[in-house]
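The values are calculated or read from the model by the stated rules, or taken from the named source; none is laboratory data. Since this is a predicted model, take the numbers as computed values, not measurements. Cβ: placed from backbone, ideal geometry, glycine included. Neighbour counts: every protein chain shown.
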Amino acid sequence: MFLAGCALRSSISMPAVSCTYARMDKSARLLCLALLLLLPSASITQQPSDRLGPGPSPLLKAVVANQEQSEKELDQYERIQREEGRSMSGPVDGKIWRVFPTGTGAYKIPLSPDGKPLSPEGYRHDLEKLEKYLVWVTQTGSAQQEAYAKAQRKRKERFDLLEAMYQAFIFTRDGEELRAGRTLLRFTIKPNPSYKPTTRNTIIFKRVQGTVWIDEQSSQMAKIEGTVTEDISLALFVAKVYKGSHFMQERYEVAPGVWQPSFEQYDFDGRKFFSSVSIHERTFYSDYKRVGPPQEAVQVVRAELNKLRAKDAAR
């Protein structure tokens with residue numbers, strides 16, 4: 001499941017986290033989240049004559065369960081995130097971060113184009129702020145409880161959305177492909193004509209179609225692509241995503257039994273208020289490393305800080 005990166009507020013002592021996205025309009029990013037979440041949540045059919053009936057198939061139940069588990073596992077993995085894109089004004093310089101989980105979100109440390117710290121002093125300062133927050137978040141108190149509760153509410157909303165989408169689409173198997181020696185089952189997806197949207201968010205399900213690839217061996221979503229088939233209005237018609245906008249994501253096994261995104265691409269055109277919006281962004285994820293929950297992660301950060309301090313002292 002695609003997870004947007006979250007950064008702590010500028011003051012690390014603040015318990016709350018806020019989602020921040022480079023270059024991408026918030027309304028459009030929210031749409032991307034919804035579209036990427038919805039794809040594996042539907043009824044599968046092999047062929048029109050072999051319909052599996054209403055509700056999710058066993059395969060889709062497994063895929064959705066794996067998607068939910070992947071999000072939980074992401075809370076214990078750091079990774080490198082690199083973004084490239086262009087706006088209406090032209091190309092945008094790529095940005096690279098070291099993304100470190102905090103239990104209530106993720107802390108993003110900016111890196112140079114070659115993946116190295118921008119400066120020794122700035123990098124160590126970022127690690128010290130991260131250590132301070134990890135210590136804070138492992139303590140008990142009302143502020144910490146609220147920080148965790150806020151993160152859980154957001155996760156529950158996403159999981160509830162997955163559950164609500166079971167009837168939104170019909171998957172039809174149309175073949176299989178090999179990727180790195182593994183068999184991927186390929187399904188086309190189209191809106192279920194009998195599905196009745198119940199909220200403003202679920203209306204978009206009637207206006208998207210695409211393809212999903214499922215790893216046969218693990219029942220993990222390996223790749224998805226989707227296209228907007230009708231203009232989609234957002235935020236009480238404040239914003240709109242135009243027909244023809246496209247998105248995709250690829251996922252790989254980054255550790256035994258652990259699948260996470262490796263690449264995402266958005267090509268969205270639309271408007272916000274009376275201004276045109278054009279979003280063309282690619283994001284690469286690499287170097288996944290397990291750091292564990294905050295109680296373990298803080299030890300990882302401390303060990304790195306100790307090495308940096310020892311190196312400075314030896315100079």
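Assorted remarks:
- Test result for GLN265, buried (at least 16 other Cβ atoms within 10 Å of the Cβ) and in contact with a His (Cβ under 9 Å, 6 or more places away or on another chain): yes
- Among the residues of the stretch 263-306, those that are touching a strand residue (DSSP E or B) at 6+ places or on another chain (Cβ under 9 Å), of a type in the set (Val, Ile, Thr) and not in a strand (DSSP E or B) comprise VAL291, VAL300, VAL301.
- Candidates ALA222, ALA239, ALA310, ALA314 - the one that is farther than 29 Å from VAL137 by Cβ and out of contact with any strand residue (DSSP E or B) (no Cβ under 9 Å at 6 or more places or on another chain): ALA314
- Among the residues making up the stretch 217-253, those that are more than 26 Å from PRO58 (Cα to Cα) and charged (D, E, K, R) are GLU230, ASP231, LYS240, LYS243.
Per-residue answers, yes or no, for (1) within 28 Å of GLY181 (Cα to Cα); (2) of a type in the set (Gly, Ala, Ser):
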position: ILE224; (1), (2): yes, no
position: ILE232; (1), (2): no, no
position: GLY244; (1), (2): no, yes
position: GLY257; (1), (2): yes, yes
position: PRO261; (1), (2): yes, no
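- Scanning the stretch 272-315 for residues that are modelled with pLDDT of 95 or more and β-branched (Val, Ile, Thr) yields VAL291, VAL298, VAL300, VAL301.
- Those strands (runs of 3 or more DSSP E) lying entirely in the stretch 153-227 with at least 1 residues touching a Pro at 6+ places or on another chain (Cβ under 7 Å) and surrounded by 15 or more Cβ atoms within 10 Å (Cβ to Cβ): 169-179, 208-215
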